[in-house]
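Here is the structure we will look at.
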Amino acid sequence: MAGIIYSLASLLFGISAAISALQRTYPANEVTLLDSRSVQGELAWVASPTEGGWEEVSIMDEKNVPIRTYQVCNVLESSQNNWLRTHWIERGRAQRIYIEIKFTLRDCNSLPGVTGACKETFNLYYLESDSDGEHGVPERRFAKIDTVAADESFTQVDVGDRVMKLNTEVRTVGALSRRGFYLAFQDVGACVALVSVRVFYKRCPLVVRNLASFPDTVAGADASALVEVHGACVEHSEERQEPKMYCGADGEWLVPIGTCLCQPGYEERSGKCQVCKVGYYRSLATDGSCTKCPPNSYSMREGSTACECDKGYYRAETDSPAMACTRPPSAPQHLISSVNETSVLLEWSPPLSTGGRRDLTYSVLCERCTWTSARCVPCGDGVHYSPQRLSFNGTRVSVHQLQAHTNYTFHIWAVNGVSKHNPKPEQAASIMLTTNQAAPSTVVSVQSKDVTRDTLILFWQEPDKPNGVILEYEVKYYEKEQNERSYRIVKTTSRSVNIKDLTPLTSYVFHVRARTAAGYGDFSAPLEVMTNSVPSPVVGEGMNPTILLLCACGSVVLLLILACAFLIKKRRAKYSKAKQDEEKHQPGVRVYVDPFTYEDPNQAIREFAKEIDASYIKIEKVIGVGEYGEVCCGRLKFPTKREVCVAIKTLKAGFTEQQRRDFLSEASIMGQFDHPNIIRLEGVVTMCKPIMIITEYMENGSLDVFLRKNDGRFTVIQLVGILRGIASGMKYLSDMSYVHRDLAARNILVNSNLVCKVSDFGMSRVLEDKPEGAYTTRGGKIPIRWTAPEAIAYRKFTSASDVWSYGIVMWEVMSYGERPYWDMSNQDVIKAIEEGYRLPAPMECPVALHQLMLECWQRERSERPKFSQIVNMLDKLIRNPNTLKRMGGETSRSHAQKSHPSALNHTPSIEPSPSFSSADEWLKVIGLEKYRENFAKAGHSSLDSIVRMNQEDLAKIGVSSSVHQKKILNSLQEILSGIQQIEEIKLPV
């Protein structure tokens, strides 16, 4: 026994030398509660029994530093039960502790004569307690943590060679609830030495992420628990989105969310917000680093949020702090005038200096000066300017309706965004002129009185601007029915005239104009007067009552005739207008504007898309990845409005300016549409990163995936309703002269109410302003299976090519999301369509719907229906559901060919369906091999015996699932169609 202990001590001495050479440093995320190696002096743990069991040993390392260890080696006696208990260990903030044990253990086989009694394991226990007052604790109160075994054990040879076989085992305990605990080691007959025992817990150390400080946080009690920790923005920063992270059980920080931004006047450097130096500024928290003051400006202090302008320079309210300070412009040059009676044309050249700005405009100040006074007064509202008086861009202006023979002074002001900060006369050019003699203005207020059967009196007011002495007035009049083909002229020097020799009960039209020495003015507006049958304007006592009665009756009859004629004419005009409206676009439909025609793409965004504050948006999860970045779902909450679910497209970091333009162009397109079957744009986020496009959220995703998930669950009427919604949306786009170019079921989204909406406008373009308007692509991929032949061959896209694509979408819907043309290659599809092949009717597809598909697939695009006609056709089918009872997908190809001349008159060069040697092989290919025994028991071992089976036959052999029945029948239909195609090839033409 003494030899065994001596051997163990010798090995411990070698081990202690290696351990002492290592620095006792631990990771920052571990907090040590007990380390036996760091204890100075004896450990003084409690051993039971006190004699003959665990023994504390002190060994000196190479630096003569004592190492306290415990060892036991009672291997010669059986039924050992030796306990060693540590002192009370205070738990602190720990919820879960880790126990690291470094030990050596003797191989029992290397000890002679101890085969039955020697063990190579020991047990680890613990006991929770609120105080260090436990003495003589019964063993049964300790809870077992684990039985510890050595990975490597040593032999006598190892002792002689001083080979160190040190084992390290780590065990964990949680969740702890008392103030402290004891650890206990039970020996059951092993030769073991505890070199060191360390107890620790894990924490996530203090860290700064995204300018937010996260405090030292203890890991959770559960091994899979995440502790949510809210961060605090560092000094001189402000919260952009609430920062938070999760502390994992391993003491590592996970999933940083939110961020802080440096306040204006500070910039981020080394995880801190540093103040901007003198001569630099930072105006917004979302800006980058501090920027040097722009030209003509300065900052005199640290932490500037804007730079002050130099003396004589200014900044407009709309100017960003990054713009240079500018000055008002100088005066326009070379001002000249051209007078034409009472009109003036003013022209000039731009000023020598624009003040460093590009927003130069001009304004006109007109003053009228009298002959008797040197003082001038404003011209007033009666003067007209073309194009306008204020804020126009051109270098010429026409002024009209001035007074004749009058002195005028015109001031042309050059104005820019900072002119109002320092308006001076030096910014204006002036010119004085005198208007010429002019004709009078139009006569107004022409009226009639004393109307009889053949006479009347006409009177009027003098023109507002006589422009001299009125020499005479000219009255022109004619019968209304003659319409100026035959008229008479009467002249007078007064402002009234007596018109004679008129025809009774006749409508006349009168015009009056004035003349001065400069000529005639314009005729007045027409005055319509109708004569009557009364010989005198005053009814005397001697008038015959019979004549008066006849006149009254005649007037009533005439009024009735005129009223009837008016109503008939109005009804005809209304019919004519309605007929014209049928040939034109619906009233109120806007015309699409291509955002790519804007010189400044940001202008299109501002015009068609609403900017949304990023703080109103909460991203919840990522639902996909698009061409430009992630697609997420989240919530949008405007102030005073309810929260709504939205879809969020983000632009990934490191984008180029061209990628930004292309990404936002889709928002510029969507923002112009407002229709229940077009995806609705909520707005965009462009003022901060990431750049986002916000649209309504469609819960059921894309139509093709939705149909495949719900195979066979909808009625035909429901499917027709889906098609009608898509057609309605496409009719709206077509009415706006808009071509989608990528219409497919994958680009139709479905919401929770099963409303389908057209989306994905990345490939869309506007039609040219021509009846045959088409869009020619500049290259790129074309979805061959959905694209019309002329678009594939010549890259010419029209609304008619969208109709072709709509026919393919109809086929996708009626086949519950099958792939058009199945496994044919794109080249085979192009060849087949060119030679006349058309898709057959899907299983259980009404003949009327397949006939509409064939109409959409006419070779000549002019023969395809318009979307408005498609909507009308589908409405008729919905109103008359009996027309949908005749099903397709059961007729032969030859019958389909007879029903439509352009359909199915070609067999592609490839086989229309795979060939199978047996029913087992076929079932394996379609993924339903579990039904092999059903078909075998029914005697169906070859395809010849099952190709004509129907739904009732499948049910009889045990295929009860309607989904599986439909899948089998569709596959058989494809095989049968292929057989028929091969037979047609063999028939002589």
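The values are calculated or read from the model by the stated rules, or taken from the named source; none is laboratory data. In this text the structure is predicted, and so the values were computed from the model without any measurement. Positions of Cβ are backbone-derived with ideal geometry, glycine not excepted, and every protein chain shown enters the neighbour counts. The area values use the complete protein model at the heavy-atom level, side chains included, leaving out ligands, DNA and RNA. Shrake-Rupley method; radii C 1.70, N 1.55, O 1.52, S 1.80 Å.
The table that follows gives values for the structure above.
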read-out: So Arg315, is it open to solvent by 70 Å² or more (accessible area, probe 1.4 Å), modelled with pLDDT of 90 or more and closer than 17 Å to Asn422 by Cβ; value: no
read-out: Those residues of segment 83-99 which are open to solvent by 10 Å² or more (accessible area, probe 1.4 Å) and assigned to a strand (DSSP E or B), in sequence order; value: Trp83, Arg85, Glu90, Arg96, Tyr98
read-out: Number of positions in segment 184-218 that are open to solvent by less than 10 Å² (accessible area, probe 1.4 Å), over 24 Å from Ser270 (Cα atoms) and not in a strand (DSSP E or B); value: 1
read-out: Test: residue in segment 733-755 that is more than 22 Å from the chain's Cα centre (by Cα), outside any loop (DSSP other than H, G, I, E, B), at pLDDT below 95 and surrounded by 15 or more Cβ atoms within 10 Å (Cβ to Cβ); value: yes
read-out: Residue within segment 713-732 that is among the aromatic types (Phe, Trp, Tyr), more than 23 Å from the chain's Cα centre (by Cα), closer than 22 Å to Tyr806 by Cβ and surrounded by fewer than 23 Cβ atoms within 10 Å (Cβ to Cβ) present; value: yes
read-out: Lone unmet requirement of (1) farther than 22 Å from Pro440 by Cβ; (2) under 60 Å from the mean Cα position of the chain (by Cα) for Ser524; value: (1)
read-out: Scope segment 109-126; condition part of a loop (DSSP other than H, G, I, E, B) and open to solvent by 30 Å² or more (accessible area, probe 1.4 Å); matching residues; value: Pro112, Gly113, Thr115, Gly116, Glu120
read-out: In segment 59-75, the residues that are surrounded by fewer than 14 Cβ atoms within 10 Å (Cβ to Cβ) and touching a residue at least 12 places away in the same chain (Cβ under 8 Å); value: Met60, Glu62, Lys63, Val65
read-out: Residues that are assigned to a loop (DSSP other than H, G, I, E, B), exposed (fewer than 14 other Cβ atoms within 10 Å of the Cβ) and at pLDDT below 80, drawn from segment 127-161; value: Gly133, His135, Gly136
read-out: Number of positions in segment 595-613 that are touching a Ser or Thr at 6+ places or on another chain (Cβ under 9 Å) and open to solvent by less than 40 Å² (accessible area, probe 1.4 Å); value: 6
read-out: Filter result (part of a loop (DSSP other than H, G, I, E, B) and under 24 Å from Tyr126 (Cβ atoms)) within segment 42-78; value: Glu42, Leu43, Ala44, Trp45, Pro49, Thr50, Gly53, Trp54, Asn74
read-out: From the options Glu302, Glu308, Glu267, residue that is among the acidic types (Asp, Glu), open to solvent by less than 50 Å² (accessible area, probe 1.4 Å) and on the phi < 0 side of the Ramachandran plot; value: Glu267
read-out: Condition broken by Glu528, with the remaining ones in (1) open to solvent by 50 Å² or more (accessible area, probe 1.4 Å); (2) modelled with pLDDT under 85 satisfied; value: (2)
read-out: Selection within segment 703-720 - assigned to a loop (DSSP other than H, G, I, E, B) and not charged (D, E, K, R); value: Asn710, Gly712, Phe714, Thr715
read-out: Neighbours by Cβ (under 9 Å, 6+ apart or cross-chain): first from segment 417-435, of a type in the set (A, V, I, L, M, F, W, C); second open to solvent by 80 Å² or more (accessible area, probe 1.4 Å); value: Val418/Arg327; Ala429/His334; Ile431/Ile336
read-out: Wholly within segment 882-989, helices (runs of 4 or more DSSP H) carrying at least 2 residues that are touching a Ser or Thr at 6+ places or on another chain (Cβ under 6 Å) and either modelled with pLDDT of 60 or more or within 23 Å of Tyr816 (Cβ to Cβ) (or both); value: 962-986
read-out: Residues (out of contact with any Pro (no Cβ under 6 Å at 6 or more places or on another chain) and closer than 30 Å to Leu505 by Cβ) located in segment 420-453; value: Val444, Ser445, Val446, Gln447, Ser448, Lys449, Val451
read-out: Evaluation of Lys102 against (1) outside any loop (DSSP other than H, G, I, E, B); (2) over 24 Å from Lys202 (Cα atoms) (one fails), failing number; value: (2)
read-out: Test: residue in segment 825-840 that is touching a strand residue (DSSP E or B) at 6+ places or on another chain (Cβ under 6 Å), within 30 Å of Ser962 (Cα to Cα) and at pLDDT below 95; value: no
read-out: Selection within segment 460-487 - farther than 13 Å from Glu528 by Cα, of a type outside the set (A, V, I, L, M, F, W, C) and touching a Ser or Thr at 6+ places or on another chain (Cβ under 9 Å); value: Gln461, Pro463, Asp464, Lys465, Pro466, Asn467, Gly468, Glu472, Tyr473, Glu474
read-out: Qualifying residue in segment 487-509 (condition: among the aliphatic types (A, V, I, L, M), free of Cβ contacts under 8 Å to residues at least 60 places away in the same chain and at positive phi); value: yes
read-out: When residues of segment 857-878 are limited to those that are open to solvent by less than 90 Å² (accessible area, probe 1.4 Å) and within 12 Å of Val720 (Cβ to Cβ), the one farthest from the chain's Cα centre (by Cα); value: Leu877
read-out: Val339 vs. criteria among the aliphatic types (A, V, I, L, M), farther than 30 Å from Gly258 by Cβ and part of a strand (DSSP E or B); value: yes
read-out: Every pair of residues 6+ apart whose Cβ atoms lie under 6 Å, when the first sits in segment 849-877 and is of a type in the set (A, V, I, L, M) while the second is surrounded by fewer than 19 Cβ atoms within 10 Å (Cβ to Cβ) and not in a helix (DSSP H, G or I); value: Leu854/His900
read-out: Strands (runs of 3 or more DSSP E) wholly inside segment 388-506 that include at least 1 residues being touching a helix residue (DSSP H, G or I) at 6+ places or on another chain (Cβ under 9 Å) and surrounded by 16 or more Cβ atoms within 10 Å (Cβ to Cβ); value: 407-415
read-out: Filter result for the condition that a residue is out of contact with any helix residue (DSSP H, G or I) (no Cβ under 9 Å at 6 or more places or on another chain) and either crowded, with 19+ Cβ neighbours inside 10 Å or assigned to a helix (DSSP H, G or I) (or both), over Ala848, Ala800, Ala832; value: Ala832
